Amino acid sequence: MRDFINSRRDFLKFAGSMAGASLLRPVDALGQGAAAQSPVSQGLPSPAADYTLRIAATPVEIAPNHIVSVTTYNGQFPGPLLRMKEGRPVTVDIYNDTDVPEQLHWHGQKVPADVDGAAEEGTPYIPAHGKRRITFTPQPAGFRFYHTHNRAGADLHAGLYGGQAGQVYVEPKHEAGNYDREIFLVLKEFDPSFSRGGDMAMDFLAPATRVKALEDSGESAMKASLAKGMPHGYEVGYRYFTINGRMLAHGEPIRVKAGERVLFHVLNASATEIRSLALPGHVFQVVALDGNCVPARAEVPMLWLGTAERVSAVVEMNHPGVWVMGDTADDDRAHGMGIVVEYAGHSGKPQWVTPNPFHWNYTAFGKSGVVPAPDEVIEMTFAKANAADHGFNRWTINGVTFSDENAGPAYHLREGRRYRLRMRNASDDIHPIHLHRHSFELTKVAGVSTAGVMKDVVMVGGYQEVEVDFVADNPGLTLFHCHQQLHMDYGFMSLFDYV
Ligand SMILES: [Cu+2]
């Protein structure tokens with residue numbers, strides 16, 4: 001091991017955050033200090049929890065002698081990878097060593113509202129300097145994650161701006177897959193600051209079809225705001241970029257052998273950014289999106305992930321050398337967003353090759369065919385009021401800004417019915433839209449019909465329309481929001497209930 005791993009504890013921490021499925025099963029995590037987990041009792045009620053998570057402000061070394069202070073789970077970033085078994089109940093003790101009440105959200109899982117981890121749904125807070133024990137049955141199988149669901153607002157130390165994210169892998173009852181090993185990657189920025197206007201990648205989504213009416217309305221609202229002398233609303237930028245908590249070239253390389261088939265599970269744990277990932281000379285065969293198997297395992301030269309999206313993709317290691325696997329944005333990669341992939345028997349400076357432009361198209365992973373007609377269509381238009389809230393953009397869904405005064409359920413579901421959300425984006429930003437406690441099926445993306453792609457986050461492009469269907473199969477309050485922290489914190493949220 002390289003010199004920065006200088007103790008057994010550090011080694012375990014590295015192993016716990018990095019890769020190697022066999023190192024990550026609960027029994028192997030014993031002795032990992034605060035991350036200690038007890039074996040599951042066979043069918044008997046146990047006083048010990050299966051998993052323990054401890055929330056506290058800790059130092060995180062993102063490069064040698066380069067240490068940031070953020071709130072983490074169990075003193076590490078990313079938080080420990082939790083492997084669960086589909087359908088087998090788990091107990092989790094969550095300790096909050098901070099001064100603020102916390103919410104821990106089980107993103108992508110079909111769980112009850114009182115454990116889901118969203119105050120808006122009525123989940124009890126984990127009190128400051130207190131503890132909460134929860135029990136739930138992990139489902140569905142696949143790559144999920146957990147993260148704080150606290151509002152950050154103007155506080156760049158709170159919410160997802162810090163280090164509160166970790167992966168969950170819910171093992172299916174029958175593991176299928178043609179690969180040699182799994183590697184988990186978490187993409188994450190640190191040291192955020194506000195700016196006026198941003199540099200968000202805009203032109204990578206396909207189809208590129210925009211809706212003229214949405215564009216007219218968004219552009220005229222923006223023009224009117226600027227004409228009144230308003231500045232552009234705040235955006236967030238970052239100083240440091242990491243994969244698995246380490247800046248490029250400052251962590252352990254991923255060591256591979258020629259001919260291996262590696263299954264990468266990639267999570268974008270950014271508070272606000274869309275990320276891309278490429279490995280020169282290699283292709284990604286996408287097998288799952290947001291942890292759910294896709295109907296068409298299309299091969300792509302790079303991945304694109306909105307905030308909170310996950311991609312699972314197999315890479316056949318057939319291009320020996322030492323490579324940079326990194327973001328295609330040169331500036332972000334130069335500030336750390338990458339990890340070295342090193343073939344056995346090869347050494348030298350890691351190489352990066354700028355890939356050809358590529359458009360990310362969700363429908364490439366879907367199937368053609370007719371989806372069932374929905375029982376009801378819910379129309380939603382998203383809009384931005386530039387700089388309207390103390391310099392922050394204020395967001396609306398159908399003209400309504402979610403707030404403390406306006407936090408009641410706006411949409412009413414009946415159990416068993418199939419709903420279609422017709423989402424119309426009247427802003428020029430891309431929004432990674434998330435539905436809690438349910439999965440949805442992509443049915444139309446920018447005018448193109450598709451079927452079979454099940455997700456819990458979908459990017460809705462600037463001035464575009466996206467339709468998703470879901471079955472109301474998990475009664476209780478259900479949160480719907482943009483996962484971009486600045487957007488959700490400034491009104492881009494809504495609540496469903498069951499009636
Ligand atoms: Cu958004």
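The values are calculated or read from the model by the stated rules, or taken from the named source; none is laboratory data. Owing to the predicted nature of the structure, the values given are computational and were not obtained by experimental measurement. A quick note on method: Cβ atoms are made from the backbone with ideal geometry, for glycine too, and the neighbour counts reach across all protein chains shown. The protein model used for the area step is the full one, side chains on, heavy atoms only, and it has no ligands, DNA or RNA in it. Shrake-Rupley method; radii C 1.70, N 1.55, O 1.52, S 1.80 Å.
Between the residues PRO112, THR123, HIS149, the greatest Cα displacement towards the positive end of the dipole of the chain, with unit charges on the Cβ of Lys, Arg, Asp and Glu, is found for PRO112. Based on the Cβ-Cβ distance of ASP330 and ASN406, what FRET efficiency does E = 1/(1 + (r/R0)^6) give at R0 = 41 Å, to the nearest 0.05? The computed FRET efficiency comes out at 0.45.
Annotation: amide H-H contacts under 5 Å for ILE254 (H modelled 1.01 Å from N, sequence separation of 5 or more, or interchain): VAL340, VAL341, GLU342.
Overall, the accessible surface of the stretch 372-412 at a probe of 1.4 angstrom is composed of carbon and sulfur to the extent of 50 percent. With a Förster radius of 56 Å applied to the beta-carbon distance between GLU61 and SER368, the computed FRET efficiency rounds to 0.70. The distance between label points at HIS346 and ASP180 comes to 1.3 nm (points 7 Å beyond Cα on the Cα→Cβ vector). Once you reduce the stretch 441-479 and the stretch 200-233 to the center of their Cα atoms, the two points are 22 Å from each other.
In whole percent, how big is the carbon plus sulfur part of the accessible area of the stretch 97-193, probe 1.4 Å, protein atoms only?
Here it works out to 50 percent.
In sequence order, the stretch 482-499 has phi-based couplings of 6, 8, 5, 4, 5, 6, 5, 6, 10, x, 7, 7, 8, 10, 9, 10, 9, 10 Hz under the Karplus curve 6.51 cos²θ - 1.76 cosθ + 1.60, θ = phi - 60°, and Gly or Pro positions carry x. Put the Cα centre of the stretch 407-435 next to the Cα centre of the stretch 135-174 and the gap is 21 Å.
Between ASP155 and VAL448, what length in nm is gained on full extension when 0.36 nm per residue of separation is reduced by their alpha carbon distance? Please report the intermediate quantities before stating the final value.
Values: separation 293, 0.36 × 293 = 105.48 nm, distance 3.93 nm.
Extra length available between ASP155 and VAL448 comes to 101.6 nm.
Residues within the reach of a label modelled at ASP375 (point 7 angstrom out along Cα to beta-carbon, backbone nitrogen below 16 Å), restricted to the stretch 450-476, are 469-476. Calculated [222 nm] ellipticity per residue, helices only, for the chain: -2000 deg cm²/dmol; basis is -39500 (n - 2.57) per DSSP H run with n ≥ 4, divided by all residues, nearest 500.
Each listed q (0.10 Å⁻¹) maps to a log10 I(q)/I(0) for the stretch 156-259 from the Debye sum over equal C-alpha point scatterers, namely -0.58. Note on the stretch 65-107: Kirkwood hydrodynamic radius from all Cα pairs is 13.1 Å, rounded to one decimal. Which shape class, rounded, prolate or oblate, goes with the stretch 346-480 when its Cα gyration tensor gives a ≥ b ≥ c as root eigenvalues, a/c under 1.5 marks rounded, and past that a/b bigger than b/c marks prolate? Oblate is the answer for the stretch 346-480, as a/c is 1.5 or above yet b/c matches or exceeds a/b. Ignoring ligands, DNA and RNA, what percent of the accessible area of the stretch 212-325 is carbon or sulfur (1.4 Å)? C and S atoms contribute 55 percent here. Rounded if a/c is under 1.5, else prolate if a/b beats b/c, else oblate: with a ≥ b ≥ c from the C-alpha gyration tensor eigenvalues square-rooted, which is the chain? Taking the square roots of the gyration eigenvalues as a ≥ b ≥ c, the chain is rounded. Heavy-atom accessible surface of the chain, averaged per residue, reaches 39 Å², computed with a 1.4 Å probe. With the simple model of a label 7 Å out from the Cα in the direction of the Cβ, ASP97 to GLU299 spans 4.8 nm. In terms of the mean number of neighbouring beta-carbon atoms within 10 Å, the peptides 131-144, 233-246, 301-314 order highest first as 301-314, 233-246, 131-144.
Spin-label model, LYS228/PHE194: points 7 Å from Cα along the beta carbon direction are separated by 1.8 nm.
The value of relative contact order for the chain, using C-alpha pairs under 8 Å at least six residues apart, is 14 percent.
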